[in-house]
1. Could you figure out which of (1) closer than 26 Å to D8 by Cα; (2) part of a loop (DSSP other than H, G, I, E, B); (3) of a type in the set (A, V, I, L, M); (4) at pLDDT 95 or above isn't true of I64?
2. Within the range 42-57, how many residues are over 12 Å from A32 (Cα atoms) and touching a Gly at 6+ places or on another chain (Cβ under 6 Å)?
3. What are the residues in the range 34-61 that are within 23 Å of S7 (Cα to Cα), in contact with a helix residue (DSSP H, G or I) (Cβ under 7 Å, 6 or more places away or on another chain) and either among the polar types (S, T, N, Q) or part of a helix (DSSP H, G or I) (or both), if any?
4. In the range 3-22, which residues are assigned to a loop (DSSP other than H, G, I, E, B) and under 20 Å from W59 (Cα atoms)?
5. How about the range 61-85: which of its residues are of a type in the set (G, A, S), surrounded by 14 or more Cβ atoms within 10 Å (Cβ to Cβ) and under 17 Å from G37 (Cα atoms)?
6. Out of contact with any His (no Cβ under 6 Å at 6 or more places or on another chain), closer than 17 Å to F23 by Cβ and either of a type outside the set (D, E) or modelled with pLDDT of 95 or more (or both): which single residue out of T72, T101, T105 fits that description?
7. Anything in the range 8-57 that is among the hydroxyl-bearing types (S, T, Y), without any contact (Cβ under 8 Å) to a residue 24 or more places away in the chain and more than 21 Å from F92 (Cα to Cα)? List them, or say none.
Amino acid sequence: MQIAYLSDIGTRRKENQDFVGIFTNKSQYKLAIVADGVTSEKGGDIAAEMVVNNFGFGWRQTDISSIEEAKTWISKKAREENSRILMAGKRFDDLSQMATTMVLTVAI
């Protein structure tokens with residue numbers, strides 16, 4: 001399987017806050033994730049990078065090999081990452097409103 005991606009800044013923004021990653025777990029299954037920082041908020045790029053990197057690192061540590069396992073893991077991990085972003089925003093005033101969107105897929 002080949003995976004490719006393309007990011008585009010669009011026509012309305014000066015900064016591209018997209019962050020993309022493709023990761024393989026111990027069972028050789030792929031996680032592809034795209035996060036787009038909310039550009040109206042400072043730190044959107046940081047939130048997007050945090051989500052992609054933390055999901056990717058976590059995925060690499062798993063041996064998930066079924067859709068049900070993946071769904072459970074993704075749900076738990078999304079809650080963890082949301083909390084992590086909120087906590088980082090509380091620690092740093094300039095990141096207090098940072099946010100990101102996220103889309104991911106798992107190929108099993």
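The values are calculated or read from the model by the stated rules, or taken from the named source; none is laboratory data. In this text, all values refer to a predicted model and were calculated from it rather than measured experimentally. Because the Cβ atoms are built from the backbone with ideal geometry, glycine has one as well, and the counts that use them run over all protein chains shown.
1. Going through (1) closer than 26 Å to D8 by Cα; (2) part of a loop (DSSP other than H, G, I, E, B); (3) of a type in the set (A, V, I, L, M); (4) at pLDDT 95 or above one by one, I64 breaks only (1).
2. The qualifying residues number 4.
3. Going through the range 34-61, the residues within 23 Å of S7 (Cα to Cα) turn out to be 34-57, 59.
Narrowing further to those that are in contact with a helix residue (DSSP H, G or I) (Cβ under 7 Å, 6 or more places away or on another chain): 35-38, 42-43, 46-47, 50-51, 54-55.
Scanning the range 34-61 gives I46, A47, M50, V51, N54, F55.
4. Listed by number, the residues that qualify are I3, A4, Y5.
5. Passing the criteria: only A78.
6. T105
7. T11 - this is the single residue of the range 8-57 that is among the hydroxyl-bearing types (S, T, Y), without any contact (Cβ under 8 Å) to a residue 24 or more places away in the chain and more than 21 Å from F92 (Cα to Cα).
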